[in-house]
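Notes to accompany the following structure.
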């Protein structure tokens, strides 16, 4: 497992979310993130981006006008 040093007070203007998941799901998520050489946080962000893109393509969400195609 790759360990990355991150300062406790890393400034960010990004919103933070908190979620609660079962230990078994967390363990599986850690394995998948490690397999892709990503942090769990980054891995989850990528999953969310993929699902948002899928939802936009399916018309479930409006198009994102901030991205050029």
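Taking 7 Å steps out from each Cα toward its Cβ at residue 41 and residue 64 produces label points 1.9 nm apart.
Across q = 0.17 Å⁻¹, region 7-52 modelled as identical point scatterers on its alpha-carbon atoms has Debye log10 I(q)/I(0) values of -0.61, in the order of the q list. Between residue 34 and residue 22, the contour length at 0.36 nm per residue exceeds the alpha carbon distance by 2.5 nm.
Quick note: the coordinates plus some simple rules give every number you see, no bench work behind them. Remember, predicted model here, so these are calculated numbers, not experimental data. Positions of Cβ are generated from backbone atoms using ideal geometry, with glycine treated the same way; all protein chains shown enter the neighbour counts.
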